[in-house]
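Novice: Let me give you the structure first, and then I'll get to my questions.
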Amino acid sequence: MTLWTKFRDGLTRTRERLGLEVGSLLGLRTVDAETRERLEEALLSADVGPATTELLLARAEKLLREKQAPDLREALERTAAEIAGARRAAFEPGTERPWVALLVGVNGVGKTTLAGKLAHGLTRAGRRVLLVAADTFRAAASEQLGVWAERAGVHVVRARDGADPAAVVHDALESARARSIEVVLVDTAGRLHTKQNLMAELEKIERVCARLVTGAPHHVLLVLDATLGQNGLAQAREFQRALPVTSLALTKLDGTARGGAVLAVADQLGLPISVVGLGEGLEDWEPFDAQAYAHGLFE
């Protein structure tokens, strides 16, 4: 299955919704007031958001006026790809040993599942990976990560429920250095972005990483649930205040009719999207590709 096909399948619900509302307009070569209004309503219903909708339409109309696109569909696709891909960052280990990545976000966004998928992908690429169950607050969270670790064929470091998450990370990094582990993925507890004590715990984990491994954490991956749409923006802004977020992962993109939120996230947060989740299987994720996303949205 090609990357474009995966995005196309994952964006089926969003694309069908847009198609029902504006599919007949996409072959147009000009945009009048009525067409623009219908486009605005459709994009807002896909959770693109007011500011990003205005930006998308203004740029697409400019392409049409200047005859740089043959029709509205291509103008929207090209503009969406530019917005979504304006900033780029790959979730790719560097030369540091170990290379340490934190997965952060609120409860229920799919951090643990994504950690398992990423571990599987990195292992298949020949990396020695260690998973760290730093979510010691949620009942059975470490067991869940253990299941994913077994499926991915990697080791996992975990502790009893209620243990100090920073202490778990400390022990894991010591173990990683002793065993010449290349990549350490830390699955942190889902925390409400409004709970300052939990955010402080996350900052403590960051300090432990920095103390034990030079430059760590080398990547902070903020995981957002694509089905939440605009609500995810407020979450992300709070995490940005607490941590130097490197890039974003959008999960559950296959289960929402609000796939336009990807554009809002890329435009409003000023952060690159590096990973998208497109299903529940070990291989149901992809590095984010702005052109494949835009093609899958308006095809």
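Novice: When the residues of the stretch 170-203 are filtered to those that are at pLDDT below 85 and open to solvent by less than 10 Å² (accessible area, probe 1.4 Å), which remaining residue is nearest to residue 115 (Cα to Cα)?
Specialist: Out of the qualifying residues, it is 189.
Novice: If you scan the stretch 268-279, which residues turn out to be open to solvent by less than 50 Å² (accessible area, probe 1.4 Å) and touching a Ser or Thr at 6+ places or on another chain (Cβ under 8 Å)?
Specialist: 271, 272, 273, 274, 275, 276, 277
Novice: Now for a separate question. Are any residues in the stretch 43-88 assigned to a loop (DSSP other than H, G, I, E, B), open to solvent by 30 Å² or more (accessible area, probe 1.4 Å) and touching a residue at least 40 places away in the same chain (Cβ under 8 Å), and if so, which ones? Before you say what the answer is, go through the steps one by one.
Specialist: Residues of the stretch 43-88 assigned to a loop (DSSP other than H, G, I, E, B): 46-49, 66-71, 85-88.
Remaining after also requiring open to solvent by 30 Å² or more (accessible area, probe 1.4 Å): 66-68, 70-71, 86-88.
70, 71, 86, 87, 88, listed by residue number.
Novice: Now for a different question. Looking for something modelled with pLDDT of 80 or more, at positive phi and touching a Ser or Thr at 6+ places or on another chain (Cβ under 9 Å) - is there at least one such residue anywhere in the stretch 247-256?
Specialist: Yes, because at least one residue in the stretch 247-256 is modelled with pLDDT of 80 or more, at positive phi and touching a Ser or Thr at 6+ places or on another chain (Cβ under 9 Å).
Quick grid of which residues meet (1) surrounded by 15 or more Cβ atoms within 10 Å (Cβ to Cβ); (2) in contact (Cβ under 8 Å) with a residue 12 or more places away in the chain:
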residue	(1), (2)
108	no, yes
113	yes, yes
118	yes, yes
150	no, no
162	no, yes
166	yes, yes
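Novice: Any residue that is at positive phi and open to solvent by less than 20 Å² (accessible area, probe 1.4 Å) - is there at least one of those in the stretch 214-235?
Specialist: Yes, some residue in the stretch 214-235 is at positive phi and open to solvent by less than 20 Å² (accessible area, probe 1.4 Å).
Novice: I would also like to ask the following. For the stretch 4-37: of the residues being within 18 Å of residue 70 (Cβ to Cβ) and in contact with a Ser or Thr (Cβ under 8 Å, 6 or more places away or on another chain), which is most open to solvent (accessible area, probe 1.4 Å)?
Specialist: By that ranking, first place goes to 28.
Novice: Another question about this same structure. Report, by residue number, each residue of the stretch 83-100 that is at pLDDT 95 or above and either over 30 Å from residue 179 (Cβ atoms) or of a type in the set (A, V, I, L, M, F, W, C) (or both).
Specialist: Within the stretch 83-100, 99, 100 meet the criteria.
Novice: With respect to residue 250, is the statement that it is farther than 21 Å from residue 57 by Cα, out of contact with any Pro (no Cβ under 6 Å at 6 or more places or on another chain) and crowded, with 20+ Cβ neighbours inside 10 Å true? Steps first, answer last, please.
Specialist: Values: farther than 21 Å from residue 57 by Cα: yes; out of contact with any Pro (no Cβ under 6 Å at 6 or more places or on another chain): yes; crowded, with 20+ Cβ neighbours inside 10 Å: yes.
For residue 250, the condition - farther than 21 Å from residue 57 by Cα, out of contact with any Pro (no Cβ under 6 Å at 6 or more places or on another chain) and crowded, with 20+ Cβ neighbours inside 10 Å - is met.
Novice: State whether the residues of the stretch 280-298 include one that is under 11 Å from the mean Cα position of the chain (by Cα), polar (S, T, N, Q) and surrounded by fewer than 21 Cβ atoms within 10 Å (Cβ to Cβ).
Specialist: The initial filter retains those residues of the stretch 280-298 that are under 11 Å from the mean Cα position of the chain (by Cα), namely 285-288.
Right, trim to polar (S, T, N, Q) and you get none.
For the stretch 280-298, residues under 11 Å from the mean Cα position of the chain (by Cα), polar (S, T, N, Q) and surrounded by fewer than 21 Cβ atoms within 10 Å (Cβ to Cβ): absent.
The values are calculated or read from the model by the stated rules, or taken from the named source; none is laboratory data. Note that the structure is a prediction, hence the values are computed from the model and not measured. For neighbour counting, all protein chains shown are included, and Cβ atoms are generated from backbone atoms with ideal geometry for every residue, glycine included. Heads up: the accessible areas ignore ligands, DNA and RNA and are worked out on the full protein's heavy atoms, side chains in. Shrake-Rupley method; radii C 1.70, N 1.55, O 1.52, S 1.80 Å.
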